[in-house]
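The values are calculated or read from the model by the stated rules, or taken from the named source; none is laboratory data. Bear in mind the structure is a predicted one, so any value in this text is a computation, not a measurement. For neighbour counting, all protein chains shown are included, and Cβ atoms are generated from backbone atoms with ideal geometry for every residue, glycine included.
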């Protein structure tokens, strides 16, 4: 009987504890689900985009003249400073003129004697004191003596070696006392005109064909009157202050490289550009009237190297798009395929989302692609459970 009363005594207590536990469990509320992550997007729109092409090239002197002797002799003096600017007709060297001066004086004396004889025969032939043949022979001898004098005078003048063009002269290959000869293989010096200066760049023939095709079918419009203007970027990355102009393109394709050569001419008043320098030339191709520009931070590449972008659709869900980019323009990509005007491309918060996820959308600054200041913090808070 005692055991039965014990059981009846503890029963109500146990029941009360169980009911209290059940009441506590039933009264606790469920934890709220985290909100969708917030992302910043840029809404694409078409705009006119001016297309430039950057091509490697090298500078070339506008004119090059090799200074060579035209008579034989010993160099007596060098009359220029190496690396200086010279003007056309300026004397550069003096070749020993002694033998040429003697030849000139002898030729002048012979010519004078022949002239006097021909004139005397001219007066006598009228009186028939000399024959017409004698007069003709004397006249011919005078003319031959005159030609010999002219040749001697030219050779004497050639002993002064003059600058053939104006420009900057390089180092001299000879010194005083050196023997030089007419027609020798080695030049005495080289004069190069540096202002203006040429810039030769190469462009793949395939790019040239593509450009012409896009201009023909209307995909590109001509850049207008400034289409032939060219800008330069120097080896150290600085922009050359002068603007050049495209002169011509090569009429044949190089079989070894499959490229054509384009030549531009640039003013070079301060001689900043020297022959042989490596530069990058920016040529204006045309205008793409319906271009789509996407901030570069909104474009990534998958394991296969395919360019991709995350787009928010009308249901605020993330979609993965495979795209094709044409070129980089500043801090943006010019998209050729895969996106259209009105698409909302995620530029911030891509690390918090994946395709198919629901997101909250904030519009990024269209000029820089940067989101509002609170967007990053909101996305980080939303990512917490």
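At-a-glance table
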quantity	calculated
Any chance residue 120 is modelled with pLDDT under 95 and either part of a strand (DSSP E or B) or outside the structural domain of residue 165 (by TED's automatic domain parsing) (or both)	yes
Qualifying residue in region 160-174 (condition: out of contact with any strand residue (DSSP E or B) (no Cβ under 6 Å at 6 or more places or on another chain), outside any helix (DSSP H, G or I) and surrounded by fewer than 16 Cβ atoms within 10 Å (Cβ to Cβ))	yes
Of all residues in region 225-243 being over 11 Å from the mean Cα position of the chain (by Cα) and not in a loop (DSSP other than H, G, I, E, B), the one that is surrounded by the most Cβ atoms within 10 Å (Cβ to Cβ)	229
Any hit, region 306-322, residues being assigned to a loop (DSSP other than H, G, I, E, B) and under 28 Å from the mean Cα position of the chain (by Cα)	no
Candidates 280, 271, filtered to the one that is surrounded by fewer than 12 Cβ atoms within 10 Å (Cβ to Cβ), touching a strand residue (DSSP E or B) at 6+ places or on another chain (Cβ under 9 Å) and in contact (Cβ under 8 Å) with a residue 24 or more places away in the chain	271
Some residue of region 70-86 being at positive phi and modelled with pLDDT of 95 or more	yes
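Here is a yes/no grid of residues against (1) under 18 Å from residue 351 (Cα atoms); (2) loosely packed, with under 15 Cβ neighbours inside 10 Å:
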site	(1), (2)
284	no, no
291	no, no
297	yes, no
303	yes, yes
306	no, yes
309	yes, no
312	yes, no
315	no, yes
320	yes, yes
